[in-house]
1. What are the residues in the stretch 275-309 that are more than 18 Å from Ala143 (Cβ to Cβ) and open to solvent by 10 Å² or more (accessible area, probe 1.4 Å), if any?
2. Taking the options Thr128, Thr155, name whichever one is closer than 17 Å to Val310 by Cβ and among the polar types (S, T, N, Q).
3. With respect to the numbered conditions (1) farther than 21 Å from Ile232 by Cβ; (2) in contact with a helix residue (DSSP H, G or I) (Cβ under 7 Å, 6 or more places away or on another chain); (3) open to solvent by 10 Å² or more (accessible area, probe 1.4 Å), which one is the sole condition not fulfilled by Val320?
4. Just a yes or no: is a residue in the stretch 325-348 in contact (Cβ under 8 Å) with a residue 12 or more places away in the chain, over 20 Å from Gln230 (Cα atoms) and surrounded by 22 or more Cβ atoms within 10 Å (Cβ to Cβ)?
5. Using the structure shown, decide if Leu298 is under 28 Å from Ser134 (Cα atoms), at pLDDT 95 or above and more than 17 Å from the chain's Cα centre (by Cα).
6. Hand me the list of strands (runs of 3 or more DSSP E) wholly inside the stretch 87-131 holding 2 or more residues that are open to solvent by less than 20 Å² (accessible area, probe 1.4 Å).
7. When you look at Ser229, is it among the polar types (S, T, N, Q), modelled with pLDDT of 95 or more and either open to solvent by 10 Å² or more (accessible area, probe 1.4 Å) or closer than 29 Å to Thr48 by Cβ (or both), yes or no?
8. From the list Cys127, Cys146, pick out the single residue that is closer than 18 Å to Met288 by Cβ, of a type outside the set (A, V, I, L, M) and touching a helix residue (DSSP H, G or I) at 6+ places or on another chain (Cβ under 6 Å).
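The values are calculated or read from the model by the stated rules, or taken from the named source; none is laboratory data. Predicted model, so just to flag it, every value in this text is computed and none were measured. Cβ placement follows ideal geometry from the backbone for every residue including glycine, while neighbour counts extend to all protein chains displayed. These area figures cover heavy atoms from the full protein model, side chains too; ligands, DNA and RNA do not enter into them. Shrake-Rupley method; radii C 1.70, N 1.55, O 1.52, S 1.80 Å.
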Amino acid sequence: MTATLRTFPRRLAAAGALLLSATTAAVLPPSTAVAAGQESVTTHSAATTDQERSRVDAYWTPEKMKLAGALVPEITPVPEDDTTPDDPRPLPADTPDPGAVWTHGGAVNRSVGRLFFTFADGYDGSCTATVVDSANRSTVITAAHCLRGVGAPTTDATWNHNLYFVPGYRNGTKPLGGFSIKSVATSSRWDAQPGGTTSEEVATAGYDTGVLVANRSAEGRRVADVTGSQRIAFTKPAEDEFIHAFGYPKDRLNNPDAKYTGSRMIHCAGPARPGPKAPLLWGEPCDMSHGASGGPHLARFDTRTGIGTVVGVTTTDDEVAGGPAGTLYATRLGDSAHRLYNWAQTRPA
C-alpha cells in the first residue's frame with residue numbers, strides 16, 4: 001500500500017477529476033482563477049536525439065503498455081487479451097452507441113492510438129491520441145492534461161516523460177510500430193501556479209487541447225505516412241450534432257468491476273450537448289472513463305471508411321461537467337487549439 005499512498009498526490013495534482021487518473025477528486029466548477037490576458041503557446045522538447053528515441057522505444061514493452069495506468073503495477077495482474085471478434089460490416093450511419101469495442105476497422109483503426117507516458121514520480125499512465133491532417137504529416141492531437149499538470153513550464157516535474165504513441169494499439173502490440181515524440185505544446189494557461197489554479201479549472205475553461213510532433217519511425221517514415229490521418233476543424237459546436245468518440249479507457253486495471261482494461265479501442269456515438277456545469281465542454285452518451293482522455297470526437301464520421309473530422313478531444317465526464325450520468329465530454333477545438341495546431345504542423349519531423 002505504500003506505493004499507492006506515494007503515487008496519489010502527483011497523479012491527482014496532474015489530473016484531478018479529469019480522465020487521466022484512475023481515481024477522481026472533488027469536483028471543482030469552472031473558476032475565474034484561470035488567468036485573464038493574452039494567451040500563447042507553451043512548448044516543451046521530448047525525445048530529440050537518436051539515443052533518447054531508442055531508449056523510449058525500448059522502455060515500452062508489452063507488459064509496461066498493458067499495465068500503464070495501474071495505481072499499484074507491482075501487484076496488478078496483467079490484463080488478458082480482449083478477443084472480441086472483428087466485424088468487417090460497416091456500422092449503420094448515425095447509430096447511437098453508449099460504449100463498445102470498435103470492431104469495424106477502417107482508417108480510424110490506424111490513425112487513433114494509445115498515448116503512453118511516465119509521470120514525474122516514475123509511474124506510467126496512458127491516454128488516447130489521433131494523427132490529424134497537417135503540413136508536416138507528423139502532428140498528433142490529444143488532451144493537454146495528458147502532457148502536463150499546471151505549473152512552471154521550465155520545471156521538469158510539470159511535464160510527463162517517455163511520451164510514446166502507438167497507433168492501432170491492440171492487446172499489448174504495436175501493429176503499426178511505435179512513435180516517440182519530439183516536442184509538445186499546450187496553452188500558456190497551464191503555466192499557472194499550482195496553488196492558485198487547478199488542472200480542472202484550466203480544462204473546463206476550454207484549454208485542454210495538447211499537440212505533439214511525432215518523431216519518424218525507425219525506417220524514417222513520418223507517422224501520417226504510416227497511419228493515414230483524420231481531418232481537423234476549428235468550428236463552433238452545434239447542439240445535437242451526431243458525434244463519434246474513440247478512446248482506450250482502462251478503469252478495470254484498478255477496479256475489477258469496471259468494463260475496460262485499455263486492451264482495445266472503444267467507440268461511442270450520439271448527439272452532442274453542452275455540459276450544464278461546464279458549458280464550454282460538449283459531450284455525448286458514453287461509458288468511457290480514465291484512459292479515454294485526449295481521444296477524438298469526430299463529426300461527419302463515415303462508418304464505411306472510418307474517416308471523420310476531429311472537432312474535440314476527450315476531457316472529462318459528467319462528474320465535472322454535469323448532465324446525465326454516462327456522458328463523455330470534449331474540449332471543442334477553437335482559436336486556442338488552432339494556434340497549437342499551426343505551431344505543430346510547421347515543426348520539422
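1. Within the stretch 275-309, Pro276, Lys277, Pro279, Pro285, Asp287, Arg300, Phe301, Asp302, Thr303, Arg304, Thr305, Ile307 qualify.
2. That would be Thr128, the only listed residue that is closer than 17 Å to Val310 by Cβ and among the polar types (S, T, N, Q).
3. Only one criterion in (1) farther than 21 Å from Ile232 by Cβ; (2) in contact with a helix residue (DSSP H, G or I) (Cβ under 7 Å, 6 or more places away or on another chain); (3) open to solvent by 10 Å² or more (accessible area, probe 1.4 Å) is unmet by Val320, namely (3).
4. yes
5. It is false that Leu298 is under 28 Å from Ser134 (Cα atoms), at pLDDT 95 or above and more than 17 Å from the chain's Cα centre (by Cα).
6. Working: elements: 97-101, 112-118, 124-131.
Because the criterion is at least 2 residues that are open to solvent by less than 20 Å² (accessible area, probe 1.4 Å), the strands (runs of 3 or more DSSP E) in the stretch 87-131 that meet it are 112-118, 124-131.
7. Values: among the polar types (S, T, N, Q): yes; modelled with pLDDT of 95 or more: yes; either open to solvent by 10 Å² or more (accessible area, probe 1.4 Å) or closer than 29 Å to Thr48 by Cβ (or both): yes.
It is true that Ser229 is among the polar types (S, T, N, Q), modelled with pLDDT of 95 or more and either open to solvent by 10 Å² or more (accessible area, probe 1.4 Å) or closer than 29 Å to Thr48 by Cβ (or both).
8. One residue alone meets the criteria, Cys127.
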